[in-house]
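Here the structure is laid out as structure tokens; the discussion comes afterwards.
The values are calculated or read from the model by the stated rules, or taken from the named source; none is laboratory data. From a predicted model like this one, the values you see are computed outputs, not experimental measurements. Methodologically, a virtual Cβ is constructed for each residue, glycine included, from the backbone with ideal geometry; neighbour enumeration extends over all protein chains shown.
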Amino acid sequence: MAKETVLVLGANGQIGTELVEALRMEYGNDFVVASDIRKPMEIHKGPFEIMDVMDENRLMEVVKEYKVTQIYHLAAMLSATAEQKIKMGWKLNMDGLLNVLNVAVECKVTKVFWPSSIAVFGPSTPKLNTPQTCYMDPSTVYGISKLAGEHWCNYYFNKYGLDVRSIRYPGLIGYKSVPGGGTTDYAVYIFHEALARGSYDCFLEADTMLPMMYMEDAIRATIELMEAPANRIKTRTSYNLAGMSFTPGELAIEIRKIMPEFKITYHPDIRQEYADSWPKSIDDSVARKEWGWQPRFDTARLVEEMMNHCKDLV
Ligand code: SER
């Protein structure tokens, strides 16, 4: 097998933190270059470059210097933050992606991964078992940028033959990193607050059902997709991917099975609007059929894992 050198952009983020660790196990510490706009909180066990994805020249330099063969481009602004900073959100999410796609073509990078999101769907999309292909009318800047990004990926695949692969992540929940500025973030913070205080004040209503996934499944999906033979990847926009679906009320019931005294209160804010425009559950049959996707974690197992691991953090 040819030696791969992988570059991860946005390595300090919620996904990046865990993905760098997993990729380093797979390809070796020295062959995974982590990069972010900020210095890492913890010392990385391998190469690290401070970089702004908006700086195409610097990106090109790093790709050439390390002879990068794969790029995972994770640097983006999430739903709630992008609504506060519309132009910056659009610019970072769009120009960042275009820089990566251009540099990948220019430097003959063999594969690119870019995350899309359930936020590409909107109020007119079927909410239950949302199909791979359907009407999409995203109502957030973040969702608009992700939907446009999906089509840019498809464009670069068709026009330049760039092997770009993507997943529409549901809300991601893990204990090794925290999200920032998203709508599904409540499902991470609830565990930290439950263990620190025994209670949580939720910014979504009790009955807001959203698609979610345990980080271990998400990381495995990402690497499985990237390692699948190219001829199995027929979808070059982005794949629907499902793990589980639950509401804050249901999550609280699961937490109470482990911590009976846990209390939850609800004070929905603007993020309720974004959540209401997104699917409740996802049909991921295309990913299952094309590259064999299978989730392993359901809600009960996720809660058990999160309560166990977050205990060590408080
Ligand atoms: N987790 C993202 C958010 O809440 C959606 O992809 O913004």
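Please verify whether GLY96 is of a type in the set (Gly, Ala, Ser), buried (at least 21 other Cβ atoms within 10 Å of the Cβ), touching a strand residue (DSSP E or B) at 6+ places or on another chain (Cβ under 9 Å) and part of a helix (DSSP H, G or I), treating the condition exactly as stated. Spelling it out, GLY96 is indeed of a type in the set (Gly, Ala, Ser), buried (at least 21 other Cβ atoms within 10 Å of the Cβ), touching a strand residue (DSSP E or B) at 6+ places or on another chain (Cβ under 9 Å) and part of a helix (DSSP H, G or I).
Residues that are surrounded by fewer than 23 Cβ atoms within 10 Å (Cβ to Cβ) and either within 24 Å of LEU225 (Cα to Cα) or of a type outside the set (A, V, I, L, M) (or both) within region 117-129 comprise GLY122, PRO123, SER124, THR125, PRO126, LYS127, ASN129, listed in sequence order. Selection of first residues in region 59-80 that are on the phi > 0 side of the Ramachandran plot and of second residues that are part of a loop (DSSP other than H, G, I, E, B), restricted to Cβ pairs under 6 Å at least 6 apart or on distinct chains, gives the following pairs, ordered by first then second residue: LYS67/THR5. Residue-level check: of (1) within 15 Å of the ligand (Cβ to nearest atom); (2) free of Cβ contacts under 8 Å to residues at least 60 places away in the same chain, VAL112 misses just (1). When region 265-312 is filtered for residues that are more than 15 Å from the ligand (Cβ to nearest atom), closer than 17 Å to GLY243 by Cα and among the aromatic types (Phe, Trp, Tyr), the ones remaining, listed by number, are TRP291, TRP293, PHE297.
When we screen VAL112, VAL120, VAL53 for residues that are farther than 16 Å from ARG236 by Cα, modelled with pLDDT of 95 or more and of a type in the set (A, V, I, L, M, F, W, C), the only hit is VAL53.
TRP90 meets all of the listed conditions (1) buried (at least 23 other Cβ atoms within 10 Å of the Cβ); (2) aromatic (Phe, Trp, Tyr); (3) under 17 Å from SER145 (Cα atoms) but one, namely (1). Residues of region 138-183 that are over 29 Å from GLU21 (Cα atoms) and within 16 Å of the ligand (Cβ to nearest atom): PRO138, SER139, THR140, VAL141, ILE144, ALA148. No other residue among GLN272, GLN294 is more than 21 Å from MET209 (Cβ to Cβ), surrounded by fewer than 19 Cβ atoms within 10 Å (Cβ to Cβ) and either over 18 Å from the mean Cα position of the chain (by Cα) or not hydroxyl-bearing (Ser, Thr, Tyr) (or both) apart from GLN294.
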